[in-house]
Amino acid sequence: MRHVVWLAAVILGMWMGAAAAQAQTLESVLVEGNERIEADTVRSYMALGPGDAFDADAVNESLKSLFESGLFADVAIRREGNALIVRVVENPIINRVLFEGNDAIQDDDLEAEIQLQPRVVYTRPRVQSDLQRLTDIYRRSGRFAATIEPKVIQLPQNRVDLVFEVNEGPVTGIRRINFVGNAHFSDSALRDVIQTRESAWYRFATTADTYDPDRLTFDRELLRRFYLANGYVDFRVVSAVAELTPDRSDFIVTFSLEEGERYRVAAIDIESQLRDLEPDELRPVVEIEAGEWYDAEQVEDTLVTLTEVVGSRGYAFVDVQPRVERDREARTVDLTFEIDEGPRVYIERIDIVGNVRTLDEVIRREFRLVEGDAFSSALIRRSRQRIMNLGYFDRVDISTGEGSAPDRSILTVEVSEVPTGELSFGAGVSSTEGVLGDIAIRERNLLGQGQDLKLGLTASSRRQEIDLSFTEPYFMERDVAAGFDVFNRTIDLQDESSFDRDTIGFSLRVGYPLSERLRHSVSYTLKSDEVSDVSETSSRFIREQEGETTTSAVSHRLTYDLRDSIIDPTEGYVVRFGQGLAGLGGDNRYIKHTLRYGHYFSLADGWILSGLLRSGYVVGLDDDVGIVDRFFLGGTSLRGFEPSGVGPRDAETGDALGGNLFYSITGELTFPLGLAEELDLRGAIFTDIGSLTEIDASGTELLDEASPRLSVGVGLRFRSPIGPIRLDFSRALIKEDFDVTENFRFSFGTRF
């Protein structure tokens, strides 16, 4: 009997559970409140549907999924019998995104940074995300006081206009830069090391006095390099903190430093793991000497030199690393340069970024490496220098990344373009020339293809010139520079030589490399010169040459360039030797030789010593050399003397006649004046020596002395916001009585 009762109870329990489960099963899921979004789309985000058992956890999961879709401003789920009711409030659609109050940053720049766009669903999280992006833009531009408030304007059909109201505020400057922990260098000395600058009225043309977190990070690295270059091996920057002033108008930047002790170099050694490479063979290239203060830059230069020297001996894969062993008690370091075979790495790909205008091809053709070549640090450095020498970029960074395999490397070239269009003005003042002005319009990177097009105009009371030139640096896709020049010049030389000169003609030229540093160029010139307006009181040597002559000449020039930069050299030298032959038709027959040699020495940081030698000699072929083909000396070529102020002259009329042989030697030292670095105001001390002599004429009235002339002077060099300004004050110390001198020259230029 008990068994029967137990079995009946089990059957009754099973029946009641089945009935309860049937009561919990959902028969339908209904969607309410949707206007644009289909009900099936809403149901697709649900974790349960018809036929599923009702589950509170599944309902919560469905709520979470619907909210995360970003389509709804509100969602509510309730149960009515065996039906599940989902009521939604849709987020509106953005009709327009507007900006008000922005002036420093244009709408297009702001729109490019935000994610919300017309016809996109409006959500508060997206607005907050875009608000942060816009705030970051203003902070990067130095406006930390900027405030941005989003406003929503409701429109019919569940649409909205989103308006960002911007209060840009003033540019947030740097009120003060402090250093803590510096005992060996003053605050002012360290301020010159970093890029960030304290705000000042004269820094209107730079952004260095606005707060930039990335610049502050770079300043830490600059301080580290500076101290390591001065022997402080243990130096570190503890912190770099920028605090916003209470009025939110400026920052106060504080660098906390630990200088540590200064170390000298005790011993230098070289260890080589390469076969047939003896360390003693490499010691002469190591310029570091025992007893000197440790200099990390000098160590880096030595690494580069050793890598290049070892590579030139046939070791394509070489790794040179310094080993520094400190003796803290003696405050010395032992340097060991370890040379070993480096990993065999090849260039897989070269990527170029940052060039908006310049074509990739223009940059790639300056590379000394191509895809597939063996990795070479020396060739990469040379490639970077060649790209910088183009003058199209103010920054060229080449970084190395991992390729598709361990022996593959990807080079990324990041460039920052500068304007290559130039509008240059020149002015000169002298007692005879008066005020001379010239203007030149030039595009050095025409259409981003590296072509050079220039139109120059010169005008004064004495001179009118029009020059048009064009250069294609890679003619027919080869490293051959081809171009032409067309010119028309009228020069009033009445004050110097009592005649006017009119020249019209053209030149064709082509140049090509003979080696990495040696280049050869050939040109052909056809021109017509006219000596006119010669008065009866002019020198007889000039009256004899009145009239028009034609010159047909071919010339060539060799250039060997070892400068570290062709734009702003600080080290190295350049030699140019040229010859010209006239007589391939025309009236004039001569051979002309020219030589130019410049050498640059970096004596200290910012102190550059330069020397320049120029000389020329022209000799007639069965004919005298005419006045239009002679050399003239003075002005910029020999400061302290007026243009054409030196050389053969008619004793009776004072007319300058030019000469067949000249030389000039210039020595100049430029140095910083200790003012703000971004002003780039430099001083100069110089001396010029030169002479001009020999002429195909004779007579008692001819004055010609081959004695050297000497002048000394000082100058200022200023790269102002309107362009470079140059002032020279000079005095002729050694001269002839018939020379014509001047004491001041001035010129300026600008670039757009």
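Computed values, structure above
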| item | result |
| --- | --- |
| Among residues of region 103-130, those that are under 19 Å from Ala146 (Cα atoms), open to solvent by 30 Å² or more (accessible area, probe 1.4 Å) and not acidic (Asp, Glu), counted | 5 |
| Boolean, Arg191 is at pLDDT 85 or above, surrounded by 15 or more Cβ atoms within 10 Å (Cβ to Cβ) and more than 30 Å from Leu306 (Cα to Cα) | yes |
| Lone qualifier among Gln157, Gln128 - being assigned to a loop (DSSP other than H, G, I, E, B), of a type outside the set (Lys, Arg) and more than 32 Å from the chain's Cα centre (by Cα) | Gln157 |
| Options Val253, Val238; residue that is out of contact with any Lys or Arg (no Cβ under 8 Å at 6 or more places or on another chain) and in contact (Cβ under 8 Å) with a residue 12 or more places away in the chain | Val238 |
| Region 539-565 residues that are touching a residue at least 24 places away in the same chain (Cβ under 8 Å), paired with ones that are aromatic (Phe, Trp, Tyr) (beta carbon under 6 Å, 6 or more apart) | Ile542/Phe499; Val554/Tyr524; Leu558/Phe577; Leu562/Tyr573 |
| Hits in region 390-399 - residues which are open to solvent by 30 Å² or more (accessible area, probe 1.4 Å) and touching a residue at least 24 places away in the same chain (Cβ under 8 Å) | Leu390, Asp394 |
| Yes/no for Leu633 being under 20 Å from Lys592 (Cα atoms), under 37 Å from the mean Cα position of the chain (by Cα), at pLDDT 90 or above and open to solvent by less than 30 Å² (accessible area, probe 1.4 Å) | yes |
| Residue within region 7-18 that is of a type outside the set (Asp, Glu), open to solvent by less than 60 Å² (accessible area, probe 1.4 Å) and modelled with pLDDT of 75 or more present | no |
| Hits in region 198-244 - residues which are closer than 19 Å to Gly173 by Cβ, aliphatic (A, V, I, L, M), crowded, with 16+ Cβ neighbours inside 10 Å and modelled with pLDDT of 80 or more | Leu216, Ala240, Ala242 |
| Flag for Gly659 being within 19 Å of Ser497 (Cβ to Cβ), small (Gly, Ala, Ser) and at pLDDT 90 or above | yes |
| Selection status of Glu402, charged (D, E, K, R) and either open to solvent by less than 20 Å² (accessible area, probe 1.4 Å) or free of Cβ contacts under 8 Å to residues at least 12 places away in the same chain (or both) | yes |
| Positions within region 295-344 being at pLDDT below 85, exposed (fewer than 13 other Cβ atoms within 10 Å of the Cβ) and within 24 Å of Glu259 (Cβ to Cβ), in sequence order | Glu297 |
| Yes/no for Val285 being farther than 30 Å from Arg197 by Cα and either β-branched (Val, Ile, Thr) or at pLDDT below 80 (or both) | yes |
| Hits in region 561-574 - residues which are in a loop (DSSP other than H, G, I, E, B) and either hydrophobic (A, V, I, L, M, F, W, C) or surrounded by fewer than 14 Cβ atoms within 10 Å (Cβ to Cβ) (or both) | Leu562, Ile566, Ile567, Asp568, Glu571 |
| Enumeration of residues in region 667-692 that are surrounded by fewer than 19 Cβ atoms within 10 Å (Cβ to Cβ), of a type in the set (S, T, N, Q) and at pLDDT 95 or above | Thr687 |
| Residues being modelled with pLDDT of 75 or more, surrounded by fewer than 17 Cβ atoms within 10 Å (Cβ to Cβ) and either aromatic (Phe, Trp, Tyr) or outside any strand (DSSP E or B) (or both) - total across region 425-457 | 2 |
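The values are calculated or read from the model by the stated rules, or taken from the named source; none is laboratory data. All of these numbers come straight from a predicted model, not from anything done at the bench. A quick note on method: Cβ atoms are made from the backbone with ideal geometry, for glycine too, and the neighbour counts reach across all protein chains shown. SASA here: full protein model, heavy atoms, side chains in, ligands and nucleic acids out. Shrake-Rupley method; radii C 1.70, N 1.55, O 1.52, S 1.80 Å.
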